[in-house]
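First comes the structure, then the notes that go with it.
The values are calculated or read from the model by the stated rules, or taken from the named source; none is laboratory data. This structure is a prediction, so every number in the text was calculated from the model and none was measured. Counting neighbours? That spans all protein chains shown, and the Cβs are built from the backbone with ideal geometry, glycine included. In case anyone asks, the SASA skips ligands and DNA or RNA and just uses the protein heavy atoms, side chains included. Shrake-Rupley method; radii C 1.70, N 1.55, O 1.52, S 1.80 Å.
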Amino acid sequence: MKNEAEANRAVTLYADMVRRICFMYLKNYQDVEDVFQEVFLKYILYEKTFESDAHEKAWLIRVAINACKDILRSPFHKKVCSIEDIDLEPFYIQETEGELLSCIFCLPSKYRDVLYLFYYEGYSAVEIAEIMHKKVNTIYTWLDRARKALKEQLGGDLFEG
């Protein structure tokens, strides 16, 4: 079990990242906050020590993704109206990012995940493969397909040059 100082440090370092990951999946502020609390509760209760900060960060990413998937699978979630249905933008998404993010939200989750980890968190394909427990070539393929899908949706050379 982690002490208060360790928990506060983790929340300070990784809160934004966990919220962004959760929002990419859930698109609902209340669900994001629920998962956020669940992730950090699991962190506090986690008995083992992390090998490094990178290992700790990867563990939090994996736990956040899994918790989001659990919410999406729940029968309750299937009966609740999504944020897209009420057409509200979250406060931390700027207008210029709106079109790109709406296109990213339309992608399958595996493509969303690799795009987020690669472009927003700065992980390499090798690191993403370790986090997602996939082969490196699979990650490269997903990145390529995600870029092509975004390019097609946006109609431009977003990732070139």
- Query: What pairs can you find where one residue is in the stretch 1-15 and within 15 Å of THR49 (Cα to Cα), the other is outside any helix (DSSP H, G or I) and of a type in the set (Phe, Trp, Tyr), and their Cβ atoms are less than 9 Å apart, with a gap of 6+ or different chains?
  - Reply: MET1/TYR46; LYS2/TYR46
- So which residues in the stretch 25-57 are in contact with a helix residue (DSSP H, G or I) (Cβ under 7 Å, 6 or more places away or on another chain), open to solvent by 20 Å² or more (accessible area, probe 1.4 Å) and assigned to a helix (DSSP H, G or I)? ASP31, PHE36, GLU38, LYS42, ILE44, LYS57
- When every residue in the stretch 112-141 that is open to solvent by 30 Å² or more (accessible area, probe 1.4 Å) and of a type in the set (Phe, Trp, Tyr) is compared, the one modelled with the lowest pLDDT is TYR120
- For the stretch 97-111, what are the residues that are open to solvent by less than 60 Å² (accessible area, probe 1.4 Å) and not in a loop (DSSP other than H, G, I, E, B)? GLY98, LEU100, LEU101, SER102, CYS103, ILE104, PHE105, SER109, TYR111
- State all residues of the stretch 12-42 that are more than 12 Å from the chain's Cα centre (by Cα), among the β-branched types (Val, Ile, Thr) and within 18 Å of TYR120 (Cα to Cα); if no residue qualifies, say none. THR12
